[in-house]
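The structure under discussion appears below in the form of structure tokens.
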Amino acid sequence: MPGLEGWTEDGVYVGVFDERAVVRSDARGVRYHPRADMDVVARLRCADRPCADTGLGESVGGPMLSVLLMLLPAHATDYHVCDCASGADADCVAGADASAGSPASPLQTLSAGMALFNHTMVAGDRLLMCEGGVFDAAAGLWYNDACTAADPCEVTSYTPSWASGDEGRPVVLAQGTAGFEVVSPGSASQQEGLTLSGFDLVCEGCAGTGAFGIFLYNDIDHVLVEDLHISGFDIGIHLGATNGCDGSTADCDGHNTDITVRDCVIEKNHVLGMLGGGTRLSVLDSTFSENGSGSHFEHNLYLNGPTGTATDVLVQGNTLYRSAWASTGQCEGASLVVHGLLTDLQIVDNLVYEDVGGAGPGCWGITVDAAYSDSERFERVLIARNRVHNVGNVGIGVSSCIDCVVENNVVTNHQAFDSFGVLAPSRFLSAEDPAMTGLIVRNNSIAVASGVGLGLPEQTDGSVVVSNALWVGSGSCFETPADPTEGFDTIDHNVCHADLWTTAGLALEDWQSVGWGGSSLAENPGFTDPPAGDLTPANPAGPLADAGHRTLSATVDHSGAPRDSAPDVGAFEVVPPTVDDTGTDTPEDSGVPEPAGDSAGDWVCGTTDDDADKSGCSVTGTLWGVGWLVGLGLVGARRRD
């Protein structure tokens, strides 16, 4: 039984069952690790105090650990490797390839580590690189068919015994070659279960070599790329296609599936930050910056379906900046691009931005559209809750999209050229591509210095365009077909300020005369600070309040909070506080409910505690994702940071 078991502050269970090793259980499963690697042991909690306060801690019985031990794989071995190439920590002590790979006697080269990975490691085993070490990238293919999705093999880092505490992450250095080529040799034979995490992957002299930081090819499934810093390659991560299956594995289907890229920094790669795609691909919480060298064909993130239609793809929580960064100091290529064949794609909660003066017209923000000579098609695409600032002449663009939704995005552009906030279609169709049908564009907040708020230049059958808040300094609210009654089910409840309602010179009254836009408003939406990207309403009681379409608006707002039965126009739903006149000072005392979604709202009153009408009081708190200090009895409000 263990000498100690408990939980870290972030809810990870760890049990120490001897002086050398621990069992760890978290969202990634149950694993056995050398205790030397586990700094979390010092953060365990026994009862209400850190276990570290009592040395090894007091035994707490360990029934949970007994159960977890039964779930561990039969084999789980760690192999250590430590090399001290140029740039390594001053204290670095290199191993030897003739060693056993233990913490005390590590291997030296990553080539020796790759040989172990390919020929010795089994499910659950780990290859650990020393912190502070610098390694030459191993030449050849990484291949192991003994790892499993349930118990992946890992390549990650460890703290060596010589460490003094100032060591950096391991660095894998490629010299004009690939970093990690995870490839089934020859015909495809499915391999699965690999985690790459916790190190830097750098290439020197890779420009124009075609070298990839990470390359997956030939039916590679269930891969996690986590907490890596990848730079200097032609392509940072390439999720490639496959050859035909060789029949050796029943699970081979000729596709790379279940790939996750999470918490990575992918920057300064010469052509593309990331290229490719696959079914159940997730790109999460990563930073893409300065990938590409100035061509319109270079991008921070370029997704496609390299082996046919990719499904269930999620791009969430990423930051993209300086795409196709040219020597002129400008972004020249779209930052987030999707081409090919994809179904059930979600692009949500991302930040895509450039500096004013730092983008050319071709530096689009997010675009899901057709660009190949072959047929392309996108079905059930959701582009939601993104922030897109100061990119090129299209903030968000879609084409060849069936039943696609663009909602709750915040788009601003203050570059010195005309731009579209949203453009659909963003490219004119070729004969092979389907026309858009079922497009929904709703509850977006858009502010552009010059150009068009919403570009909808072609007929899109069954489309709905409602509850959008638009401000155009010089230009038009909409570009639509010449006959506004064609192609759209509903265009209404939009609020816009611009020189013209449409690029054809129509006023809102012209729309309304043919039955369009009866509840739309040609008014300034009253954004708080468009140049700073803040499109929250400066006045929660302004023209956006409760003016959205009752049944066709998005059900949640930009923060994910639910909208009420009278939804606001734009990306933000603001729920003003309610007040009664009972003469009490708190909502709890008076029976006045807290504003919905506000767990921190409090009444702030003056010196008179029994101010019956609350004229000297205000309410602080977060109201459905927007911070406010609302002065009761006043028309306006101001944000509370």
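Observations
- Whether a residue is more than 22 Å from ARG385 (Cα to Cα) and touching a His at 6+ places or on another chain (Cβ under 6 Å) was assessed, and SER519 passes this test.
- When ASN350, ASN393 are checked against the criterion of being of a type in the set (S, T, N, Q) and under 17 Å from SER286 (Cα atoms), ASN350 stands alone in meeting it.
- Close Cβ contacts (under 6 Å, 6 or more residues apart or on different chains) running from residues in the range 304-321 that are aliphatic (A, V, I, L, M) to residues that are part of a strand (DSSP E or B) and open to solvent by 30 Å² or more (accessible area, probe 1.4 Å) comprise LEU314/GLN346.
- Pair list, Cβ under 8 Å, 6 or more apart: the range 457-479 residue in contact (Cβ under 8 Å) with a residue 24 or more places away in the chain and closer than 23 Å to ASP568 by Cα, other residue open to solvent by 30 Å² or more (accessible area, probe 1.4 Å) and basic (Lys, Arg): VAL464/ARG442; VAL465/ARG442; VAL466/ARG442; SER467/ARG442; ASN468/ARG442
- Residue in the range 545-556 that is open to solvent by 60 Å² or more (accessible area, probe 1.4 Å), in contact with a Ser or Thr (Cβ under 9 Å, 6 or more places away or on another chain) and either of a type in the set (Ser, Thr, Tyr) or modelled with pLDDT under 95 (or both) present: no
- Within the range 166-181, the residues that satisfy the criterion of being surrounded by 20 or more Cβ atoms within 10 Å (Cβ to Cβ) and either within 16 Å of LEU216 (Cβ to Cβ) or touching a Cys at 6+ places or on another chain (Cβ under 7 Å) (or both) are PRO170, ALA174, ALA178, GLY179, PHE180, GLU181.
- Of the criteria (1) open to solvent by 10 Å² or more (accessible area, probe 1.4 Å); (2) at pLDDT 95 or above; (3) small (Gly, Ala, Ser), which one SER467 fails: (1)
- At least 1 residues being of a type in the set (D, E, K, R), at pLDDT 95 or above and in contact with a strand residue (DSSP E or B) (Cβ under 6 Å, 6 or more places away or on another chain) is the threshold, and among the strands (runs of 3 or more DSSP E) wholly inside the range 292-389 those reaching it are 310-316, 341-348, 377-384, 387-389.
- Test: GLY517 is of a type in the set (Gly, Ala, Ser), open to solvent by less than 20 Å² (accessible area, probe 1.4 Å) and not in a strand (DSSP E or B): yes
- Members of the range 399-425 found to be under 24 Å from the mean Cα position of the chain (by Cα), free of Cβ contacts under 8 Å to residues at least 60 places away in the same chain and crowded, with 24+ Cβ neighbours inside 10 Å, listed by number: SER399, SER400, CYS401, CYS404, VAL406, VAL411, ASN413, PHE420, GLY421, VAL422, LEU423, ALA424
- Hey, SER164 touching a residue at least 60 places away in the same chain (Cβ under 8 Å) and among the hydroxyl-bearing types (Ser, Thr, Tyr) or not: yes
- Within the range 280-301, considering residues that are aliphatic (A, V, I, L, M) and closer than 17 Å to GLY365 by Cα, the one surrounded by the fewest Cβ atoms within 10 Å (Cβ to Cβ): VAL283
- Selection count where residues are closer than 25 Å to SER430 by Cβ and in contact with a Lys or Arg (Cβ under 8 Å, 6 or more places away or on another chain), scope the range 310-341: 3
- Only one entry of ARG322, ARG280 meets the criterion of being charged (D, E, K, R) and farther than 25 Å from ARG169 by Cβ, and that entry is ARG280.
- Selection status of THR503, in contact with a strand residue (DSSP E or B) (Cβ under 7 Å, 6 or more places away or on another chain), open to solvent by less than 20 Å² (accessible area, probe 1.4 Å) and closer than 24 Å to SER399 by Cα: no
- You will find that of GLN346, GLN330, the residue that is open to solvent by 30 Å² or more (accessible area, probe 1.4 Å) and more than 19 Å from the chain's Cα centre (by Cα) is GLN330 and no other.
- Single condition GLY277 does not satisfy, out of (1) surrounded by fewer than 24 Cβ atoms within 10 Å (Cβ to Cβ); (2) modelled with pLDDT under 95: (1)
- Comparison of PRO531, PRO540 shows that the only residue that is modelled with pLDDT under 95, buried (at least 19 other Cβ atoms within 10 Å of the Cβ) and touching a strand residue (DSSP E or B) at 6+ places or on another chain (Cβ under 8 Å) is PRO540.
- Apart from one condition, TYR372 fits all of (1) over 16 Å from the mean Cα position of the chain (by Cα); (2) under 21 Å from THR555 (Cα atoms); (3) without any contact (Cβ under 8 Å) to a residue 40 or more places away in the chain; the exception is (2).
- If the condition is being surrounded by 18 or more Cβ atoms within 10 Å (Cβ to Cβ) and polar (S, T, N, Q), then the range 426-438 contributes only SER426.
- ASP418 vs. criteria of a type in the set (Asp, Glu) and modelled with pLDDT under 95: no
- Scanning the range 102-136 for residues that are in a loop (DSSP other than H, G, I, E, B), acidic (Asp, Glu) and open to solvent by 10 Å² or more (accessible area, probe 1.4 Å) turns up just one, GLU131.
- Lone qualifier among ALA163, ALA139, ALA149 - being surrounded by 16 or more Cβ atoms within 10 Å (Cβ to Cβ) and either of a type outside the set (Val, Ile, Thr) or closer than 15 Å to GLY193 by Cβ (or both): ALA163
The values are calculated or read from the model by the stated rules, or taken from the named source; none is laboratory data. Computed from a predicted structure; not experimentally measured. Methodologically, a virtual Cβ is constructed for each residue, glycine included, from the backbone with ideal geometry; neighbour enumeration extends over all protein chains shown. The protein model used for the area step is the full one, side chains on, heavy atoms only, and it has no ligands, DNA or RNA in it. Shrake-Rupley method; radii C 1.70, N 1.55, O 1.52, S 1.80 Å.
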